[in-house]
Every structure is written in C-alpha cells, then in structure tokens.
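The values are calculated or read from the model by the stated rules, or taken from the named source; none is laboratory data. What you see is a predicted model, and the numbers here were worked out from it, not measured in a lab. Here Cβ is always computed from backbone atoms with ideal geometry, including for glycine, and neighbour counts include all displayed protein chains. For accessibility, only protein heavy atoms count, side chains too; no ligands or nucleic acids. Shrake-Rupley method; radii C 1.70, N 1.55, O 1.52, S 1.80 Å.
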Amino acid sequence: MIKSIQMLGISFVLLAICSLGPLLFLHQEWLIEGKEYAELTAELSKIRENVAEAHLWTEELITGDTGQKISDVTHRFEDAHAAAREFKTALSHKGGGVMDVVVDDLSILDHTLELQQQLIRLEKSANARLADRFDDRLGSEAGSQSDIDFDFIYEEVLVSARLIEKTVRTHQSAASTANLRNHRLTLAVWILTLAGSFVLLLLLRRRQSKMELEKTVMEARFQEAQKLESLGVMAGGIAHDFNNLLQAVSGNASLLLHDEELPEQVRDQVKEIDAGAMKASELTSQMLAYAGKGRLNERVIQFDKLVEEITSLVRLSTPKTIGVEYSMNAGSSTIQCNETQIQQVVMNLVINAAEASMHNHHPVEVKTYVRSFRAADLVDPMAANSELEDGEYVVIAVEDRGSGMSEEAQARCFEPFFSTKFTGRGLGLAAVLGIVRGHGGAMELKSELGVGTCFKAMFPICEFEETKPLSTEKIVETDGNGRTALVIDDDLMVRKILVRMLERTGYLVDSVEDGDLGIEMLDRAQGQYHVVIIDMEMPGRNGLEVGREINRRWSHLPLVLSSGYGRELVQDRGPFQAFIQKPYSLQALVKVVSSVVLPLDEFPGHSDEARS
C-alpha cells in the first residue's frame, strides 16, 4: 500500500517538475520580452527629451540668453541621433516583430528611418536659425519663416516618435496578454499537479512518520560521532608536534625554577614562561577532552573568580580598539569544572565578539549572574545538552554590537570546521559547545543582522565548597644518584632538554635519535641501563615497536613511553611500565621515572659487567 502511494506520489511530483519547466521558461521569456520593450521605449523617450531640450535651448539662444551655448544644443542633437540609432538597431532583435507592424502604409522600421531623417532636418534648421540670428536681413525672430519651419519640423519629430512609441506599447500589450494566458494555463496545471503531489505525500508522510523520526535521530547521532572523530584525529595530529615544541620551553623553565641562585625578578618571569607553556599545552588537552579522548581534572571554584583571573589575558588577546566591559553578579556561586576549559570558553566567546565589533568599535559586554532554569527551558536543538536538570545555573553572557549573524551562520556556527572567518578558523565554537556540554550545561544564541550577537553559556551550580589546587612537590635533585638512563627521541630539542633534566637529578644519560641506534647502544652496554625513555612517534620503527624489541631482548629494563599524544590516544602501551605526556615539568619526569627505575646496583644477568 505504502509503495503504491509512494509511486503515485512520485509520478505526480515528476509531472509537477516537468510542468514547472515550461512555466519557468514562459515566465523568463515574459520577463525578457518586457525588458526589451522597456529598452525600446526608453530610447524613444531619450529622443523626445533631447529634441525638446535642443528646441528650447535654440529658442533661448536666439532671444539672447547667455546661459546656454551652441555646443549644448549640438550635444543634445548628437544624443538624439544616438538614441535613434540604438532604437533602430534594437528593433531587429527585440520587440517581438514590432518592426514589421504597418501603420499608415509604412512599417515601424520605415517610420524609424523617417524619424532619423526628420532629426537631421531639425538639426539643420536649428543650425540655420542660430547662424542667421546676427543677420537682420535673413531674420530669425519669432514669426519669421525660419522660425515657422523650425517649429514645424520639431512637431513632425514629436508626432513620429509618439506614433512609434504608441505602436510599440500596443504591440507589447497584445504580447503580454497572450503570454499571461499561456502563463496562467501552465501555472494552473502546475498547481493542480503540485496539490495532488502534496496530498499523496502528506498521506505517505503520516504513515512513515515514526520511521523518519528514528532515521533522523540515528543520522544526528552518526553526524555527531563523525564530528567528534574528526576533532579527535585533528587533536592527535597537533598534539605530537606542538607538545614537542612546548617541551623545550616547559623543561628549561622548570630547570631554571629549581636553581636556588636564580634572582627573584628573573624567577617571576620564568614562572610566567612556564605557566604560558602549560596553558598552551592544555589547548591540546581541551580538544582531546571535547572529542572524548581525554579526561581532565576538575575542582569546585567560584565562577566570578574564574572569569576575573583571565581578564588581563583577554585584554592582550583582543584588539586594543575594542573595550571589554564586565558586570560580575554571580557572587560566590561555584561550579565543578576544569578551570582551564571554562576560561577557554570565556576567551573564545569574548575574542569572537571583539572581532565582530571591529567595524564600529562598540565595547563587548560580559555579564555573569545566577538564574533558575527548568530543563525544558534550556532545550535548544542547535546547542543544548540533552541531559539537563532543573535547578540554578551560573550564566555568562557575552554580547557585541557587531554585524550579527545570518540564519545559516546561526544554524551552523557550532559545527566543527565551519567558519565565516579567514582560513584556519572554525573550531572555536565547536570546542566551546563541547566543553559546555561536558560540564552539564547549555548554550543559547541570539543574533540579528545589523544589531549584534549574544552568546550565553549556562553551568549548573555546585553546592560543594571551593577546593584548592594541589600544591607541587619539592624535587630531590639527587634522585638519580649515579643511575644510568637511555633517551630515544627523534627531536633534538626534546633530547637535549630531557638529558639536562635527568642529569640535573643525578642520572648518567645517553641519547640517540631513533630506535635502531637505541638498540645498538643497548647492545654495547649489554642492557645495563636503569631506565629507558622512548618517544612514541619516530622515523622508521615507532616507540611501540622499539619497546617490544627491547623488552624481548632485555626484559628486565623498565621502559617509559613519552608522547605528545594523550594517554588515551596511545591505546596500546605494550611493554611500557609508565607513560608521560609532553610537555612535562622536572617534577613530573622525576615522579614517573622514580616509579619504575631499577635500584642503583641491579643489572640482572650483567651486574658485574661494566657498560662500554
């Protein structure tokens, strides 16, 4: 039954589509024909206007008016001749055959040729009158023969132009009536066909509504999974190279911070460098968390305090010509969150608002407040979390007075990789939405073209007291105490800083740039290392393959896997006893290495043999 209705509906739709073609064709032809007739009448109007001005100015010159020049009259006649030529040329391919219409025993084309001759005679008459105005014998004043001839020819020109225009308009009216009749007939067929298609498809839609709903839900889930997967792939690719670069910054900074002789002023600057490097590394972690590839630490913190901490960073990240005005009214309300992620939400929203305000320099408004919501009030098919709860929420609203967003941009702005900006953008709002959802919140977007945009993020209030961040442990620089370590990493910067960090804590360190050289080094040392640190991504054999080979030949060796990828992305850690993610500090490295390193004098099977 459904298939029969579906086939019948498809037949009606095809018929509607087929009838739509002639309808559109006739409509287009109608529009083109109307435009052509308008062009023809416009040229005739130009002839009349220019001739009228030439006639008037000629009379004014004859009466001694110095406000006009003979050249002005000449230009008007030139424009009239040009319009007549354009009209004659257009007649041959426009006007639907009006050029062949016969009026007073002459075709419109012949009337046009006669009009051109009349224009020539009128111009000659005007020139003669202007030439004779200084000769009293010839006479050019009103009532003279030259004046009578001039006015007579002028009237002939007007009569001919009106006759041609009337004929064109009459022909146009007749053609429009015929076109309208055909258009209505085709439109009636199309409407009837469309109505039949609508009735059949509506009946079919009712029968398939449940199936369509299930399909829509599954497609939405599949698309969401694809978005998350694309973010995960991108985040993993960025993590390795980006974190290798940050490792040199963070590692050197942590070494300097544990130099007791470092001046306090320099120490403060190094702390800022280290904090900046760690903030940068957290950007990768945030993308991993959004894509479901990582879990970040959370704590309870006052929301207003969280926003206030990044006001200076916001100021540095936004154009100097755009002000940012804060209205913090959330009080002591707290939320349970990863503070770096929430600060990234605020940063992205404010930076977007500032960029949208560049053309009018209106300040961006940032407001925080507390409001009670029902879960139903927060349902937004574009940006809301499907697992919301009733209760109190902290709201941050970021509003600009920029150009606003179109409906298409509003519908797609939370899609990964969609952007209205220059190349390289498009992840900001996608990551913002993921972070807000991950914290049990919702988002709201209101925008109007020419007025501005307001983004709101709502986070559920946490009733627990604010928790303090964990303090860092003081490092014991003699942890290595003469132990030996082998570093295998293809990045020269990473190798250098890792060697410095291990040597700082008392280790004797060898380093090589790939797995094959590392295995050769182990062969020469007969496996007598207390710990081996191996990078995940290297040319040739990767870290997992190298680790398996080392474990097969020297199973006693503790292996540490190091990578710019997150722990969750390195799904198979093989024979490794520990994992450390770049960039890491001196404290983190010592903690990981100390958890697996062999005792100082323990080399099973080779305890009495020295390393070569």
For this session: Anything over 25 Å Cα to Cα? Flag those among K279/K446; K35/K166; K271/K305; K305/K367, in the order listed.
Result: K279/K446
Problem set entry | Net length gained if the chain between D105 and V159 were fully extended (0.36 nm per residue, minus Cα distance) | 17.8 nm
Seminar exercise, completed: A chain fully extended from L449 to N360 at 0.36 nm per residue, minus the present Cα-Cα distance, gains in nm 30.6 nm
Exercise. Taking a probe of 1.4 angstrom, what is the accessible area of K215 in Å², to the nearest 10?
Worked result: 110 Å²
Problem set entry | Accessible surface ranking that places the most exposed of D516, D535 first, with a 1.4 angstrom probe | D516, D535
Seminar exercise, completed: Heavy-atom accessible area of T66, protein chains in place, probe 1.4 angstrom, given in Å² to nearest 10, is 130 Å²
Seminar exercise, completed: Hits in segment 156-178: amide N under 17 Å from the 7 Å Cα→Cβ extension of K35, namely none
Seminar exercise, completed: Counting only protein heavy atoms and leaving out ligands, DNA and RNA, the solvent-accessible surface of E298 at a 1.4 Å probe, in Å² to the nearest 10, equals 90 Å²
Problem set entry | Length gained when the stretch L508-F198 is fully extended (0.36 nm per residue, less Cα-Cα span) | 103.4 nm
For this session: Just reorder K456, K320, K271, K124 by solvent-accessible area, largest first, 1.4 Å probe, all chains present.
Result: K320, K124, K271, K456
For this session: Return a whole-number percent for the relative contact order of segment 491-549, with Cα pairs under 8 Å and 6 or more residues apart as the contact set.
Result: 27 percent
